[in-house]
Structure formats: structure tokens, C-alpha cells
1. I'd like to verify a number: residues in region B:134-155 that are within 11 Å of chain A (Cβ to nearest Cβ) and closer than 19 Å to B:Y30 by Cβ, how many?
2. Pick out the one residue from A:I202, A:I183, A:I193 that is among the hydrophobic types (A, V, I, L, M, F, W, C), closer than 19 Å to A:G58 by Cα, surrounded by 15 or more Cβ atoms within 10 Å (Cβ to Cβ) and modelled with pLDDT under 85.
3. Taking region A:32-80 as the search range and keeping residues that are crowded, with 23+ Cβ neighbours inside 10 Å and among the hydroxyl-bearing types (S, T, Y), which one is farthest from the chain's Cα centre (by Cα)?
4. So in region B:1-36, with the set limited to residues that are in a loop (DSSP other than H, G, I, E, B) and modelled with pLDDT under 90, which one is surrounded by the most Cβ atoms within 10 Å (Cβ to Cβ)?
5. In region A:28-57, which residues are closer than 17 Å to A:P305 by Cβ and not charged (D, E, K, R)?
6. Counting only residues that are farther than 18 Å from B:I4 by Cα, hydrophobic (A, V, I, L, M, F, W, C) and part of a strand (DSSP E or B), how many does region B:201-251 have?
7. Does A:A313 meet the test of being surrounded by fewer than 20 Cβ atoms within 10 Å (Cβ to Cβ) and either out of contact with any helix residue (DSSP H, G or I) (no Cβ under 7 Å at 6 or more places or on another chain) or part of a helix (DSSP H, G or I) (or both)?
8. Just one of (1) within 10 Å of chain A (Cβ to nearest Cβ); (2) more than 21 Å from B:I188 (Cα to Cα) trips up B:S129, so point out which.
Amino acid sequence: MILLLIAIFFISIAFGSIKMSLEEVINALLRNSEYSYVLWNIRITRAIGGILTGAALGVSGAVMQKVLKNPLASPFTLGVSHGAAFGAAFAIIVLGAGKSHSFGSEAVTIFNNYPVVIFAFLGALTSIAIILFLSCFKGASPESIVLAGVALSSLFGSATMFLQYFADDFQVAATVFWTFGDIGKAGWLENKIIFITFLVGITYFYLNRWNFNVLFWGDEIAKSLGVNIKILRLISMFLSALVVSVCISFLGIIGFVGLISPHIIRFLIGDDCRFLIPYSALMGAFLLCLSDFIARTILSPVVLPVGIITSFAGAPMFFYLLIKRRRF
Amino acid sequence: MLEISNICAGYGNKLSIKNISLHFNKGNVYAILGPNGSGKSTLLKTIDKIIKPKEGVVYINKEDVQNLSRKKLAKNIAYLPQKNSTSASSTVFETILLGRKPYIIFEPRQEDLKLVENIIYIFGLKYFSFRNVGELSGGELQKVLIARALAQQPKILLLDEPINHLDPKNQIEILKVLKKITSELGIITIIVLHDLNLAFKFADYFIFMKQGKIYAKGDLSSIEDKIIKEVYDIRVKILNVGRSKLLVIDE
């Protein structure tokens, strides 16, 4: 898995609109050559962004599915992405943040992105807060939490449409453009922030791998085995949603990676969280890097948003797993 | 060692058990008997802090269980609920190893693995060790779950109808093992049973519950036809067979 990831990393940085041989890539990495700038500031940033975001989405999906005991659970099921999309739409349309312009093949570009990022993050946090309130103070069951997530998605979806209805053409285009997940939006700063939240998340998740394994046997057995399930659910949901919120706010919506990565690992090596957690992260990183490579090369020189590729490839993969393995 | 003092507990506003006070001693098997809905499961859940009592206190070594952390409690009490999820896809070995969860700091130690191997041997599960629990029959799974509870090395073992899915041979085997472990390790085993004859054969003390209250309690000598008739609303005769008793339906 790690070897595959390293391979796709090097393929990703070697291929692009400027073609480089393997020797030129190594040269540019080790010394200051004509390709060094492109490599360090565009391709490696992008590839690392892909690895970190994919890993964050993969591990968050695995934890959500475990904690909510629902194979369809992913950070998106809880309405996080719709909350973020609403936040971004609010910033673009109501606050006029992020000026948008149209340039030839790139439909719309958003300048001064940070207010949009901050509001997208706040939108995602609102979803998390509502979900955590339901689960913590109202004692909602995992099933109710998933249903609440579906309801929240619908609510934020319609609120976004309401805003778009009164927006001008550019604002609508900018809002829609924001939702296209694109790893290219990440720079070194964004990658650092994603890395720090991911590190906090995966450390907590890995330290609780035995607790997640016990959860499978039901709440009563988990309690009897010494697991404080309320705290475990609360912190796990908060951290996984937080990790994903940070990614979505910077990069836009990237579907299916969080949902499908844990399913592929479960299909290949089983349910044990000692392996499921780290391998879902690796699988997520690999899938997103691969998808980004496809997005950049399939219609070259046009670079597609990676979210389109993940959703396109993710759905048939999910069907395949569904047919091969009846029980999730 | 385990003492329950004036416990009232239930779900929502409804009390399932009312003013229950009991005392349990080490090395004995206690059978909780009574019709469906008499509060047997609620009593076990209250002892293991799964349900918080509305009134009263559960003491382990004179310490209120509400003041014990989940982890500390798990080193004292193992609980096997009546209904168990079968959606897990772990092997028999991994499932029993989960019983060591309260003791695992980062990864299981060699002695944890050894203990699990030992329990697997005692329960005759050697040939199932690496089989997925999803592929086991109801009875085999139940054996694995009891083994998992014992892997916790508890001082108090709470089992809610643990032999329901087992055939008579396995029922007797399991109860024999439980009785032996209880007296050898000096633990307290509290077991909810519906088969009164098996209870008479293997338990040391009997607690009869009816409508959330203790109707009668005592050792084998204290059991009379009248208690069974009042608790279960059936006519029976209790015969003395050797050192045990046998219940027959009296129609």
C-alpha cells in the first residue's frame, strides 16, 4: 500500500502540462533546475495536498462508519459538506467575499479566497455542532444521528439554493465552482493546517482502535469492557468532522473517498480497527492522488476538478463492492 | 463483596425493579429466576452501571459502583447481555481477546494471549480459533461470548440467559465450567436462567423475582412448590433427587 502510494506520488509529480523525464524530476528535486519551481510549488504541493486530504477523508470515513454503525456513514452523511457549501455560498453571495472572474477554459476563478474558506468552515462546524448537540444532550442513537445528517444536508442544500436564486450569474457560478473539489487550491500553508488536524485526528483514532473494535459488539458489551461510549462517540465524531471540515473548506467537496476507502480495506483485510484505521488513510491518500492524476491528464491540457473523478469512479466501485460482498 | 442496597431502577418513568436489597458472597453461583418482565435483566444492568439506579446503591468491596471508572469496573465485572450483535467479522480468537480490553494499554501482552489460548482450550473452541464468528452457530457463538466474558478475569460475572441457544449437552458443559471456575477462583457468578432444573443442579443460591421485586431467596433447601406456583403461576411438584431437586409439571 505504501509502495503504491509512493509510486503514484512520483507519477503525479512527473506528469503534467510540462513534461519531465524521471531524471529531470530527480534533478529538480535535488538541485536547483529550471523545473524546480514548478515541481516544488505546484506539483509537490498538489500531490502532498492529495495525500493528506485523501488520508483525512479515508480515516474519517472509517471512524464514522464504526462509531455510527452505519456502512453509509461518512463525514458527508452528517451534512458537513452541505454546511460548508452553504457557508461558502453565504460568503460569496451575501458578503460579496471572493471576487469572481471568468477566464476562457477556466470557467470562474475566486480571488481573495480566505473569507470563503472561513465561512465554509463555519458552515461545516454548524453541522457538527447540531449533530453533537443531538447526540450528546438529547442522547440520540447512531441511526437517528445519520437521519439527522440527511435532514441537515437537505436543509443546507435548500438554503444554498435560496441564496443562489437571488444571486447574479457570476456569484452563482462562483458558488458552484467552489463546490468542485480541487486539490490545486491547496498551497503549503493549507497543507500544513490539514496535516496538523489530520495528525491530531489519526492519533486519537489509533489510540482508540481497541475501543472501536469493541463497539461492534453493541453498546452494552462495550460499556462492560470499560469503554466510555458517550465520550468516545462525541470526540470521534467531532474530530473526524473537524478534519474533513478543514479539507472541504480549503479544497471544496470531494465525494466518495471517505465512503469507499474503508469499504475497500474492509473488503481486502477485514474489520479490525488496528488495521482499518491506518489502511483507510493510506487507501484514501492513494485514491485521491490517483484521481487527481487522472483529472490532470485525461483531458490535458484541461485540468478537471478531482471531485468529478472521485464521484465518477467511486460510484461504480461502490456497486462492485456491493455485489461482491453482500453484507457490510 | 457485592451488595445491593434498596435499588430502584428502570427505563424512563417506569420502574422495572423496586427496593431490591441483596448480598452476594464469593465462590457462589446465584441463579436469578422469574417470569419474563420481572426485572432480572434490569437488575444485572444496574449492577454493571449500564443503567443508573433512581434510588439505592450498588457496592463492590464497600465502594459505590457509580464512583468507579468504566475501566476499573470492567476489571471487576464482566457482563454478557441477553441479546448480542452478530455483525462483527472478527475471528473467535480476536473476539475472546477483546475480553482483555480493560487490561490492554497499547497492544495485548504475551500473558493476555496465553490466557485467551487457555480459555479457548477450556471451552473446547480450539478448532474454531481462527474461524470468523459470523460463521458460527448460535450455540458456538454463545460459548465464545461466555469465554470472552471470562477472559476479563472478573471478580463478578453477570450472565443474562447465557445458555438459551445451546443444546442440552453444551448447556451442561458450560454450567459445569462456570460452577468450577466460580468456586476455584472465588468469584461471584450471577446468572439469569429459565430452566429451573438446571438452576437447581448448578446454582448455590436462588433469587426469585416477580413484578420487579424479590419474591423469595435462599439455597436449594428453601425452594418449595408454592414459590414456583406463585412466581410463575404454574402448578408443579418438586421432587428430591439425591442432593438436587427436580421440578415436574403437575397437571
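The values are calculated or read from the model by the stated rules, or taken from the named source; none is laboratory data. Being a predicted model, the structure only gives us computed values, none of them experimental. As a convention, Cβ positions derive from the backbone with ideal geometry for all residues, glycine included, and neighbour counts pool all protein chains shown.
1. Residues in region B:134-155 being within 11 Å of chain A (Cβ to nearest Cβ) and closer than 19 Å to B:Y30 by Cβ: 3 in total.
2. Numbers: A:I202 fails: modelled with pLDDT under 85; A:I193 fails: modelled with pLDDT under 85.
Only one candidate qualifies: A:I183.
3. Filtering region A:32-80 for residues that are crowded, with 23+ Cβ neighbours inside 10 Å and among the hydroxyl-bearing types (S, T, Y), the one farthest from the chain's Cα centre (by Cα) comes out as A:T77.
4. At the first step, the residues of region B:1-36 found to be in a loop (DSSP other than H, G, I, E, B) are B:1, B:12-13, B:25-28, B:34-36.
Next cut, modelled with pLDDT under 90 only: B:1, B:12-13.
Working: B:M1: 17, B:G12: 5, B:N13: 6.
The qualifying residue surrounded by the most Cβ atoms within 10 Å (Cβ to Cβ) is B:M1.
5. Across region A:28-57, the qualifying residues are A:I42, A:T45, A:A47, A:G49, A:G50, A:T53, A:G54, A:L57.
6. Summing the residues that are farther than 18 Å from B:I4 by Cα, hydrophobic (A, V, I, L, M, F, W, C) and part of a strand (DSSP E or B) in region B:201-251 gives 8.
7. Numbers: surrounded by fewer than 20 Cβ atoms within 10 Å (Cβ to Cβ): yes; either out of contact with any helix residue (DSSP H, G or I) (no Cβ under 7 Å at 6 or more places or on another chain) or part of a helix (DSSP H, G or I) (or both): yes.
Yes; evaluated as a whole, the condition is true for this residue.
8. (1)
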